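The next block holds one structure in the form of structure tokens; read it before the comments.
The values are calculated or read from the model by the stated rules, or taken from the named source; none is laboratory data. Owing to the predicted nature of the structure, the values given are computational and were not obtained by experimental measurement. Glycine also receives a Cβ, built like all others from the backbone with ideal geometry; neighbour counts cover every protein chain displayed. Calculation scope for accessible area: heavy atoms of the full protein, side chains included, ligands and nucleic acids excluded. Shrake-Rupley method; radii C 1.70, N 1.55, O 1.52, S 1.80 Å.
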Amino acid sequence: MTVPMPGSDSDSRSGSLLIAWQLKEKHVLIVGGGKVASSRIQDVLAAGAKVTVISPFQGLNEQTQSFIDNKDSNSHIVFHDRTFVTTDLDDVDMVLTAIDDVELSRNIGTWCRARRIPVNVADDPSYCDFYFGSQIRQGPLQIMVSTNGKSPKLANIIRRRIEESIPKGVGEAIEKVGLLRDKLKERAPGVGGDISKRRMKWMVDLCTSWELDDLASLDDRQIEWLLDEGWERDVVPPTPGPKE
Ligand SMILES: C[C@@]1(CC(=O)O)C2=NC(=C\c3[nH]c(c(CCC(=O)O)c3CC(=O)O)Cc3[nH]c(c(CC(=O)O)c3CCC(=O)O)/C=C3\N/C(=C\2)[C@@H](CCC(=O)O)[C@]3(C)CC(=O)O)/[C@H]1CCC(=O)O
Ligand SMILES: NC(=O)c1ccc[n+]([C@@H]2O[C@H](COP(=O)([O-])OP(=O)(O)OC[C@H]3O[C@@H](n4cnc5c(N)ncnc54)[C@H](O)[C@@H]3O)[C@@H](O)[C@H]2O)c1
């Protein structure tokens with residue numbers, strides 16, 4: 001069977017690369033303080049970024065104002081009560097514009113590209129290096145729906161439908177499996193080779209044979225039990241062991 005070359009037809013070349021961009025401690029500049037900016041601030045703070053917001057104070061909406069005032073988030077936000085100047089682009093890792101001035105937005109897009117800073121220009125997709133999407137977040141689980149700029153409202157509607165179909169407790173299950181994987185890597189350390197292959201097979205068998213609810217309710221004692229009675233004996237117990 002011949003496998004078609006990715007991108008060999010015009011349709012498949014119009015998509016995006018969906019990736020989980022790591023922003024922890026990266027410096028993100030947000031120009032604007034209105035509705036769109038507040039949603040951007042929320043997204044990048046949740047990804048652990050250090051944020052600078054540039055906007056005249058009177059243009060801040062309530063939510064942006066509360067992010068700036070909030071004691072938990074304000075150590076990660078620097079706010080400048082003024083309009084944008086080009087030196088704001090110095091030493092930043094990402095730029096998001098959300099201002100009601102299309103010409104300036106596009107100029108910022110152009111300056112960012114000249115400096116090779118990844119940029120999102122809320123009013124004009126052609127100036128964006130990446131788009132935002134409609135997002136679901138449940139603990140460590142994140143799902144993003146993108147229509148690649150064709151219909152943001154439909155992205156929102158599709159996202160709501162997916163949200164309704166996600167089984168309850170999925171975030172908890174992922175959290176617990178993450179804990180188990182960390183403990184397993186402590187017990188059987190090493191990257192690559194036979195140890196990685198064995199770890200991966202055991203994790204695949206466990207995740208496919210157990211119910212999500214059982215994974216979600218794993219406690220520390222059961223995790224230890226699983227490693228002792230499961231991993232060490234190279235089996236996946238059919239049901240969780242004794243609880244704490
Ligand atoms: C998903 C979401 C994420 C977010 O922004 O966080 C998002 N837009 C959302 C809502 C929304 N935006 C707009 C409406 C009005 C109804 C409508 O137009 O549909 C609604 C719906 C509403 O308000 O309910 C207007 C709009 N949006 C863009 C333009 C400029 C243009 O198209 O030229 C215009 C003005 C068009 C005009 O002037 O007519 C452009 C973009 N908006 C994107 C993302 C990127 C493509 C994503 C994709 O295609 O999947 C892209 C390309 C760039 C970017 O922003 O990254 C968020 C939903 C979050 C959620 O609810 O879950
Ligand atoms: N991508 C999307 O999903 C989407 C959705 C809706 C609207 N938009 C577009 O995004 C833009 C912003 O929308 P909004 O609803 O947040 O607008 P808004 O009016 O709520 O906010 C505009 C903000 O820009 C600030 N601002 C204006 N000029 C500035 C400058 N020179 N320097 C710094 N800050 C400046 C204002 O103080 C204000 O905080 C609009 O052009 C809108 O059409 C995009």
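Annotations for the structure displayed:
- Pairs, first within 18 Å of LYS35 (Cβ to Cβ) in the range 98-109, second more than 6 Å from ligand 2 (Cβ to nearest atom) and polar (S, T, N, Q), C-beta under 7 Å, six or more apart: ILE99/SER105; SER105/THR97
- Identity of the residue in the range 130-156, open to solvent by 80 Å² or more (accessible area, probe 1.4 Å) and without any contact (Cβ under 8 Å) to a residue 24 or more places away in the chain, that ends up nearest to ligand 2 (Cβ to nearest atom): PRO152
- Residue tally, condition in a helix (DSSP H, G or I), within 16 Å of ligand 1 (Cβ to nearest atom) and in contact with a Ser or Thr (Cβ under 8 Å, 6 or more places away or on another chain), over the range 73-103: 0
- Yes/no for PRO125 being more than 21 Å from SER55 (Cα to Cα), within 13 Å of the chain's Cα centre (by Cα) and surrounded by fewer than 18 Cβ atoms within 10 Å (Cβ to Cβ): no
- Count - residues of the range 83-104 that are within 12 Å of ligand 2 (Cβ to nearest atom), closer than 13 Å to LEU29 by Cβ and surrounded by fewer than 20 Cβ atoms within 10 Å (Cβ to Cβ): 3
- Only one of the listed residues (ARG159, ARG198) is among the charged types (D, E, K, R), open to solvent by less than 80 Å² (accessible area, probe 1.4 Å) and either within 16 Å of ligand 2 (Cβ to nearest atom) or over 25 Å from SER16 (Cα atoms) (or both). That residue is ARG159.
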